[in-house]
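So the structure is just underneath, and the comments pick up after that.
The values are calculated or read from the model by the stated rules, or taken from the named source; none is laboratory data. Keep in mind that what you see is a predicted model, and the values were worked out from it rather than measured. All Cβ positions, glycine included, derive from the backbone under ideal geometry; neighbour counts span all protein chains shown.
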Amino acid sequence: MRILIDMNLSPIWVDVLLAEGWEVRHWSHVGLPDAPDIEIMQWALTNDYIVFTHDLDFSALLAASNAAGPSVIQIRAQNTMPATMSAIVISGLRQFSDLLTQGALLLIEPHRKRARILPLRTSDDMEN
């Protein structure tokens, strides 16, 4: 899996996810820090990356466009630092890796994770 970390998440995530064996890049090493979300989405789709973000706009873009990709991992928590969230994020990436490689939105909260298959439809939720 190839993961692109959005600007709203700490670059510390790069080392955490690299240690798990995934290919990881932070947007600050790819594009302009103030790039619009659609540009990040297009880059991820073109380069076969999954977007990892805290920004709710990415799921809105997927819903509005009825897109089948790129996959998005979205943390829904106030504290998004790896010290707090790495265990559940890594667990979610492992659990839903097949869906993420096919096209999915993975929502991660402090005590719950769920995936929705792309394009987004209301009946495609999988929870844990």
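Details
- Residue list for segment 58-88, restricted to those being surrounded by 15 or more Cβ atoms within 10 Å (Cβ to Cβ), closer than 21 Å to Leu18 by Cα, among the small types (Gly, Ala, Ser) and out of contact with any strand residue (DSSP E or B) (no Cβ under 9 Å at 6 or more places or on another chain): Ser86
- Hits in segment 46-56 (condition: over 12 Å from the mean Cα position of the chain (by Cα) and without any contact (Cβ under 8 Å) to a residue 40 or more places away in the chain): Thr46
- Among residues of segment 28-48, those that are part of a helix (DSSP H, G or I) and either more than 18 Å from Leu61 (Cα to Cα) or of a type in the set (Gly, Ala, Ser) (or both), counted: 3
- Counted residues, segment 1-17 - those being part of a helix (DSSP H, G or I) and either charged (D, E, K, R) or surrounded by 16 or more Cβ atoms within 10 Å (Cβ to Cβ) (or both): 5
- Test: residue in segment 32-43 that is free of Cβ contacts under 8 Å to residues at least 40 places away in the same chain and among the polar types (S, T, N, Q): yes
Okay, residues lined up against (1) surrounded by 15 or more Cβ atoms within 10 Å (Cβ to Cβ); (2) among the basic types (Lys, Arg); (3) under 21 Å from Met1 (Cα atoms):
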{"position": "Ala19", "(1), (2), (3)": "no, no, yes"}
{"position": "Asp34", "(1), (2), (3)": "no, no, no"}
{"position": "Ile90", "(1), (2), (3)": "yes, no, yes"}
{"position": "Leu93", "(1), (2), (3)": "yes, no, yes"}
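- Count - residues of segment 61-118 that are part of a helix (DSSP H, G or I), more than 17 Å from Tyr49 (Cα to Cα) and modelled with pLDDT under 95: 3
- Number of residues in segment 1-27 that are free of Cβ contacts under 8 Å to residues at least 24 places away in the same chain and within 18 Å of Leu61 (Cβ to Cβ): the value is 1.
- Checklist (1) of a type in the set (Asp, Glu); (2) over 17 Å from Ile40 (Cα atoms); (3) surrounded by 14 or more Cβ atoms within 10 Å (Cβ to Cβ) applied to Asp55, failing item: (2)
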